[in-house]
């Protein structure tokens, strides 16, 4: 880890540097425009200062985004509609429900596929095909239709998250439940273990490393589903709504702060699963 | 009532046939027929349930209605297909994957870059990159260029991470062998490391193929000219023309599967030597 610290820091620094430089170039046109209208002459210094502090820049500088995040998380009350924490919570709750449903469905399907040959042959190809369908494109319809039936709020968003997150779990769990080799299965048979016992004592523990790897992917996918699910509801609440509202009114700083917040959320959730994974595998003696 | 019986009958028949087929030894034919019967059964159940419960077409149109609509509006569907898939998704896919490939070779050359960029790339690949869509639409305008840009951003990091991983896959022994042949950097790259990286590269290409379509369609929700699959879906939902929405979804599903299938087919031809491609 420490061997990688310096290179990673260098790359991150380079990204920030590029970001600032890009901000100058992208925002320069507007700055020049403003200057000619007011009859000022821009020196390099005033140009740079202006491009880094515009109200609706094409690309806000990192410190502007940072200030906006600080303003909307720490200085606003959590109950306020302008608080980013409130919007993050809306998205997070849909993500978590969708993730839980998707994981449950994924594990159930995987158990069915491993234990039932008919299901393996008929369902598995469709599970794979279901992911080549761009479900996110259908998201607005699912939301609108469920709204029409009277289901609104968290559940429609959670359904989209569920659809996106069940796939990695199915694939990972099928692989994991099949990972015990013939020798281990034979050993269970010599102990006269029933199918249930083999499942709880051998197959399930063996699948844990696979499960956690797919849970990480599922969590990231679930967050994307929740964000996109918020787009068609008319931008009421949530990080997706902040993105959409920001793009309607040209509030680029708001878009970027929502984006950074979403990224932080994704990183935190994935890190959390990574932590649980390490703890679990350590206690099981696998790590 | 009749239709509900029909749905139930279709389910029972489909499952029975599949159970019988699955009990037979697995061949190429049963491997293809069983999922096909399963799919047809699902469509039959859908048709039966929609008609049986008399579900309004505004909520869920029956498959027969969708098929009729599909046949009636091929002109619109074709226009949207060209706008979204050919101009948006495909342009972005090719340039995004190409750029990622070139950057990966560059990154691989310098160990410092590899150790710095790989963790960052892995991190970015897990982020909701689709959120960049409104920003890119603002920068590149409403037409297909902004959709292609979204696709580029979405496919870049998965492709980069996979290619870099693949380039590191050849063993020290193999590289030593190349050195004993007095092979230079480029020869080693072309003759040993790129071929060895192919399974990883195709894994990246497959992930990117589904991402590309999603990116191009979702980006249209943030603004588009009056054509394109994402535009048609969001406006038709507003007009409650759900049969047209479903027709677009059928197109998206067909395109997505075909796209993935073509990449998988090329993979089979290029990496025929890899254990995962061997069949008995």
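The values are calculated or read from the model by the stated rules, or taken from the named source; none is laboratory data. All values reported here derive from a predicted model rather than from experimental measurement. Heads up, the Cβs are rebuilt from the backbone with ideal geometry, glycines too, and the neighbour counts pull from every protein chain shown.
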Review point. Got a number for residues in the range B:50-59 being surrounded by fewer than 18 Cβ atoms within 10 Å (Cβ to Cβ) and touching a residue at least 12 places away in the same chain (Cβ under 8 Å)?
Key: 6
Exercise for review: Go through the range B:115-140 and give me each residue that's in a loop (DSSP other than H, G, I, E, B) and either in contact with a strand residue (DSSP E or B) (Cβ under 6 Å, 6 or more places away or on another chain) or more than 7 Å from every other protein chain (Cβ to nearest Cβ) (or both).
Suggested key: none
Exercise for review: Filter the range B:1-41 for residues that are in contact (Cβ under 8 Å) with a residue 24 or more places away in the chain, within 12 Å of chain A (Cβ to nearest Cβ) and surrounded by fewer than 15 Cβ atoms within 10 Å (Cβ to Cβ) and give the result.
Suggested key: B:40
Check your understanding: Among B:177, B:167, B:194, which is the only one that is touching a helix residue (DSSP H, G or I) at 6+ places or on another chain (Cβ under 9 Å), modelled with pLDDT of 80 or more, surrounded by fewer than 20 Cβ atoms within 10 Å (Cβ to Cβ) and under 17 Å from residue B:107 (Cα atoms)?
Key -> B:194
Review point. Is one or more of the residues making up the range A:8-15 outside any helix (DSSP H, G or I), outside the structural domain of residue A:131 (by TED's automatic domain parsing) and surrounded by fewer than 12 Cβ atoms within 10 Å (Cβ to Cβ)?
Key: no
Point to revise | Sole exception among (1) touching a helix residue (DSSP H, G or I) at 6+ places or on another chain (Cβ under 6 Å); (2) at pLDDT below 80; (3) not in a helix (DSSP H, G or I) for residue B:237, by number | key: (3)
Check your understanding: So, of the residues in the range A:157-195 that are within 13 Å of another protein chain (Cβ to nearest Cβ) and more than 24 Å from residue A:115 (Cβ to Cβ), which turns out to be farthest from the chain's Cα centre (by Cα)?
Key -> A:160
Review point. So is residue A:243 crowded, with 22+ Cβ neighbours inside 10 Å and under 15 Å from residue A:81 (Cα atoms) or not?
Key: yes
Check your understanding: Is it the case that residue A:228 is more than 9 Å from chain B (Cβ to nearest Cβ) and closer than 29 Å to residue A:55 by Cα?
Key -> no
Point to revise | Pairs where the first residue, in the range B:97-122, is assigned by TED's automatic domain parsing to the domain that holds residue B:200 and the second is exposed (fewer than 15 other Cβ atoms within 10 Å of the Cβ), C-beta under 6 Å, 6+ apart | key: B:115/A:4
Check your understanding: Considering A:202, A:223, A:281, which residue is more than 30 Å from residue A:65 (Cα to Cα) and surrounded by 15 or more Cβ atoms within 10 Å (Cβ to Cβ)?
Key -> A:202
Exercise for review: Check B:202, B:259 and return the single one that is farther than 29 Å from residue B:57 by Cα, within 12 Å of chain A (Cβ to nearest Cβ), crowded, with 19+ Cβ neighbours inside 10 Å and at pLDDT 85 or above.
Suggested key: B:259
Exercise for review: Mind telling me which of the residues A:258, A:237, A:220 ends up being within 11 Å of chain B (Cβ to nearest Cβ), over 12 Å from the mean Cα position of the chain (by Cα) and either in contact (Cβ under 8 Å) with a residue 12 or more places away in the chain or over 22 Å from residue B:214 (Cβ atoms) (or both)?
Suggested key: A:258
Check your understanding: Of the residues that make up the range A:34-52, is at least one touching a helix residue (DSSP H, G or I) at 6+ places or on another chain (Cβ under 6 Å), surrounded by fewer than 14 Cβ atoms within 10 Å (Cβ to Cβ), over 19 Å from residue A:246 (Cβ atoms) and not assigned by TED's automatic domain parsing to the domain that holds residue A:260?
Key -> no
